[in-house]
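Trainee: Okay, handing you the structure first.
Derivation of every value follows stated rules applied to the coordinates shown; laboratory data play no part. None of these values were measured; they are calculated from a predicted model. Neighbour counts run over all protein chains shown; Cβ positions are idealised from the backbone, glycine included.
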Amino acid sequence: MFYLSEEFFSIQGEGKYAGVPSYFLRTGGCNLTCPGFAASYEVAGEIRYGCDTYFAVDSSFATRWTKVEESEILIATLKKELASIGYNPHMVITGGEPLLYYADPVFYEVIAWLVSQDMQVTFETNATIEIDFKKYPAYTSCIFALSLKLANSGETEEKRINIKALKAIQMYAKEAFLKFTIDDTLIKTTALSEINTIREILPNLDVYCMPVGESRDSIWKNDKEVFAFCMKHNFHYSDRLHIRVFDTTQGV
């Protein structure tokens, strides 16, 4: 059994495959809270801070999530959705943190079915959970967008960097790339040293940097600095197209 906070067809907004039509399965729940990120939201009168997909992270929203107890039901829904689209878009498994469920039988059955349909499956993950690729071989056919958190997330280094998990993905995954969310303050302080520390663990992966922000206004405060940072250090700049277009991160 696992939880979905939403599913929808859209355009990938960030990372290596930005601009590509994609179907998103967003799981509910995360092992990080990232209180240092800019998004603020209210729960029962209390203002909380976290990532821009707080609705898929904070368990206070769990009553809105869908419990998936049978893979056949979700697979049937996906077949109908894909038939209505008329082609197989990229499939993006995001969250929250989708790898919380990697060993769940229902979740794995869905992933194995997607792989059997020759769909390109990308996991958007904080890369803190070590996958047993030998026991669950379908993941070797998947792409991993490694959205590692840096100091600006507010999480400790011990929680946000799992070397064994990273090396397992590098060794067994079909493809992987690094994706960092940074702002002007981090650029002026520790962004480069933190990214280089991770690159020492994963030296052969491309690096994508994108501006912190849960809205158009907040992205505009950081995009030029991130753009210049990427030019200076030979990184890939990643915009956040879905926020530029829709001014939100939910359902787009």
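Trainee: Suppose we look only past 22 Å in the calculated P(r) of region 92-214. What percent of the Cα-Cα pairs does that tail hold?
Mentor: Taking all Cα-Cα pairs of region 92-214, the fraction more than 22 Å apart is 34 percent.
Trainee: Another one. Could you list log10 I(q)/I(0) for region 3-143 at q = 0.13 Å⁻¹, which the Debye formula gives when each Cα is one point scatterer?
Mentor: Log10 I(q)/I(0), no solvent term: -0.59.
Trainee: So what's the net charge close to Asn222: Lys and Arg +1, Asp and Glu -1, counting the other residues with Cβ under 9 Å from its Cβ?
Mentor: -2
Trainee: Could you tally the net charge around Leu4, taking each other residue with its Cβ under 9 Å from the Cβ of Leu4, Lys/Arg +1 and Asp/Glu -1?
Mentor: Details: positive: Arg26, Lys67; negative: Glu6, Glu7.
Spelling it out: positives minus negatives among the neighbours equals 0.
Trainee: On a C-alpha basis, how far is the centre of region 132-150 from the centre of region 192-234 in Å? Whole number, if you could?
Mentor: First find each Cα centre; the distance between them is then 22 Å.
Trainee: Follow-up. Listed here are the pairs Lys80/Lys134; Lys149/Lys174; Lys80/Lys221; which of them are more than 29 Å apart at the Cα?
Mentor: Numbers: Lys80/Lys134 31 Å; Lys149/Lys174 22 Å; Lys80/Lys221 41 Å.
The answer is Lys80/Lys134; Lys80/Lys221.
Trainee: Another question about this same structure. Just name one of Asn126, Val106, Ala39: the one whose Cα is farthest towards the positive end of the charge dipole of region 2-246 (beta-carbon charges, Lys/Arg +1, Asp/Glu -1).
Mentor: Comparing the listed Cα positions along the dipole, Asn126 ranks first.
Trainee: Let me ask something additional. Can you put Val43, Val20, Val92 in order, fewest other beta carbons within 10 Å first?
Mentor: Val43, Val20, Val92
Trainee: Suppose every Lys and Arg Cβ carries +1 and every Asp and Glu Cβ carries -1, with no other charges. What dipole size does the chain come out with about its Cα centre, to the nearest 20 debye?
Mentor: 480
Trainee: What full-extension length gain, to one decimal in nm, is calculated for Ile73 and Lys221 as 0.36 nm per residue of separation minus the Cα-Cα distance? Can you show the working numbers first?
Mentor: On the way: separation 148, 0.36 × 148 = 53.28 nm, distance 4.31 nm.
Computed gain between Ile73 and Lys221 is 49.0 nm.
Trainee: Quick one: net charge around Ala168, please, counting Lys, Arg +1 and Asp, Glu -1 for every other residue with C-beta under 13 Å from its C-beta.
Mentor: Residues close to Ala168 contribute a combined charge of +2.
Trainee: Subtract the Cα-Cα distance of Thr197 and Arg64 from 0.36 nm times their separation in residues, and report this length gain in nm to one decimal.
Mentor: Answer, rounded to one decimal: 44.1 nm.
Trainee: Positive end of the dipole of region 122-252, charges at C-beta (+1 Lys, Arg; -1 Asp, Glu), about the Cα centre: which of Ser218, Thr140, Phe177 has its Cα farthest in that direction?
Mentor: Thr140
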